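Here's the structure we're looking at; comments come further down.
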Amino acid sequence: MGAVVERFGGLVAAQASAHPGRARWLLSSAYRLVGAQMRYIPPKGMSPARSYMQSVTSPMMGKALSRPGTCACVNVFLPCELLHAMDITPMIPEGLSCYLVSTAAERPFLQAAEEHGVPESYCSYHKLLLGLAESGVLPAPLCVLNTSLACDANQLTFRRLAERYGVPRFTVDVPMGTSSADLDYVADQLRAMGAFLEKCSGRRLDPERLRLAMERSRRTVEDYRRYLDGRASCSRTEELSAEMFAVMALHPLLGTEESARFAALLARETIARPGPSAGKRILWMHTVPHWQASMMEVLSKSGRCEIVACDMNYEGLAEIDPDRPYESMARRLLESGYNGGAERRVRRSLDMARRLNADGVVYFCHWGCKQTSGAAQYAKRTLEDAGFPTLVLDGDGCDSGNVNDGQMLTRLQAFLEQLEG
Ligand code: SF4
């Protein structure tokens with residue numbers, strides 16, 4: 001991490017407890033500036049799709065901090081087309097956490113969360129969000145919305161946030177099955193969520209605007225599928241955060257023109273330059289430690305390997321019918337690779353590893369994510385039985401304090417040697 005970033009993180013940390021408003025201003029100004037830089041003077045070598053997506057997400061994070069009363073706090077799997085149809089900005093804890101760690105500003109908020117009773121072993125994405133709330137740096141949003149997918153942490157974090165802020169909350173319960181009764185059950189909840197949002201915001205949900213948002217989602221998913229098809233025979237070496245930007249486009253931003261443009265750019269860039277990979281092709285499962293310089297060095301810069309896909313970006317590419325918006329959003333949740341038992345998630349990754357000509361799989365056990373850790377040995381066994389060497393790598397997507405950097409590096413390098421050998 002650069003000296004400037006470290007200094008900025010120190011500045012935020014110094015303000016966070018005594019002057020939360022100043023810390024908020026520093027963070028939101030920095031995120032807006034990054035957005036402007038990505039739009040007008042993107043770094044050399046960065047793909048247009050990625051710099052474009054960052055130019056969209058960075059100001060969105062800035063807005064979440066500076067104008068939270070116009071935002072709804074949501075978890076990453078919540079279908080957001082309803083919000084886009086009503087001009088309500090989603091505020092995404094997982095996204096904010098990624099930005100905080102990228103600006104070396106996570107420490108005071110993790111500490112604030114722990115001082116307010118959040119256990120050390122809790123998922124650090126959620127811990128950071130709770131720390132932002134407890135420190136007063138993140139003021140109250142309009143409302144809180146979450147799904148029961150993909151983890152128990154959602155239920156605990158979002159309930160606590162709504163109570164802390166005294167704002168209304170809506171939860172979409174996602175059953176594990178995929179029957180038509182399950183589909184109707186979730187679709188009805190999403191209809192109720194629309195009514196809930198109308199009440200909270202005082203805005204009307206226009207069915208035509210929702211249909212248009214779904215139409216954009218359909219285009220995005222189709223283009224992302226085209227990108228994945230092209231990726232099977234194309235080499236791309238990108239920064240680790242590239243997959244996290246795709247997570248934003250395919251989840252909270254799905255339904256916006258921006259996410260549709262991102263997917264179209266990505267497909268175009270990839271299909272236009274097929275060619276063999278110089279290094280090993282790695283399929284990545286779960287979140288990415290994008291902030292970790294040692295991982296970045298090996299995975300993005302060494303030329304020894306490239307990440308061909310991350311399972312968070314193909315878990316929810318279900319068919320979309322814009323004329324049946326609620327059923328389409330419900331199908332995305334029910335058919336998610338993260339819904340139900342670990343078998344579905346692992347099977348989907350196995351299919352993708354074959355489709356993308358992967359040489360091996362890295363299964364990333366993010367600190368505090370119990371369902372990912374719990375399924376690690378099952379995933380490793382299943383993927384290896386099918387011929388894909390698999391590394392179970394312990395780490396943390398947003399808290400450097402939980403990471404043994406040297407050990408991670410050694411294990412990753414040994415795995416690459418195994419693949420190369
Ligand atoms: S990392 Fe795991 S525990 Fe944390 S929010 Fe994601 S699914 Fe939930």
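Coordinate-derived values only; no laboratory data. Predicted model, so just to flag it, every value in this text is computed and none were measured. We place every Cβ from the backbone using ideal geometry, glycine too, and count neighbours over all the protein chains shown.
Could you work out the helix-only [θ] at 222 nm for the chain, with each DSSP H run of four or more residues adding -39,500 (n - 2.57) and the total divided by the number of residues, to the nearest 500 deg cm²/dmol? List each step's numbers first, then the result.
On the way: 18 runs with 235 residues, N = 421.
Taking each H run of at least 4 residues, the total per residue is -17500 deg cm²/dmol.
Given contacts defined as C-alpha pairs under 8 Å and at least six residues apart, what's the relative contact order of segment 3-420, whole-number percent?
Normalised by residue count, the contact order of segment 3-420 is 16 percent.
Might you report the magnitude of the Cβ-based charge dipole of segment 220-265 about its Cα centre, with Lys and Arg at +1 and Asp and Glu at -1, to the nearest 20 debye?
Working: 5 positive and 8 negative charges, 29 e Å.
It works out to roughly 140 debye.
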So, with points 7 Å from each Cα along the Cβ direction, the GLU120-THR178 label distance in nm works out to 4.1
So, with points 7 Å from each Cα along the Cβ direction, the ARG211-THR410 label distance in nm works out to 6.2
For the chain, the helices passing both cut-offs (Cα extent along own axis of 24 Å or more, Kyte-Doolittle mean at least -1.0, full DSSP H runs) are 20-40, 48-66, 180-201
With Cα springs under 10 Å, the Gaussian network model of the chain assigns the largest mean-square fluctuation among GLY341, GLY21, GLY360 to GLY341
GNM on the chain, Cα springs under 10 Å; top mean-square fluctuation among ALA14, ALA72, ALA246 goes to ALA14
For segment 154-277, the dipole about the Cα centre with charges only on Cβ (Lys and Arg +1, Asp and Glu -1), to the nearest 20 debye, works out at 240
Of all GluC sites (Glu not before Pro) in segment 98-202, the ones in DSSP coil with at most 14 other Cβ atoms within 10 Å are GLU120
Between SER17 and GLU198, the two model label points (7 Å from Cα along the beta-carbon direction) sit apart by a distance in nm of 4.8
Whole-Å distance linking the alpha carbon centroid of segment 22-48 with that of segment 194-243 is 22
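Any idea what % of Cα-Cα pairs in the chain are farther than 31 Å?
On the way: 31248 of 88410 pairs.
In whole percent, the share of Cα-Cα pairs in the chain beyond 31 Å is 35.
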To the nearest 20 debye, segment 304-375 has a Cα-centred charge dipole, built from +1 on Lys and Arg Cβ and -1 on Asp and Glu Cβ, of 260
In whole angstrom, the spacing between the Cα centers of segment 252-329 and segment 334-371 equals 14
Ranked by GNM mean-square fluctuation in the chain (Cα springs under 10 Å), the top entry among TRP25, TRP284, TRP367 is TRP25
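Using the Cα gyration tensor of segment 126-196, with a ≥ b ≥ c the square roots of its eigenvalues, what is the shape: rounded (a/c below 1.5), prolate (a/b larger than b/c) or oblate (neither)?
Note, shape of segment 126-196 comes out oblate.
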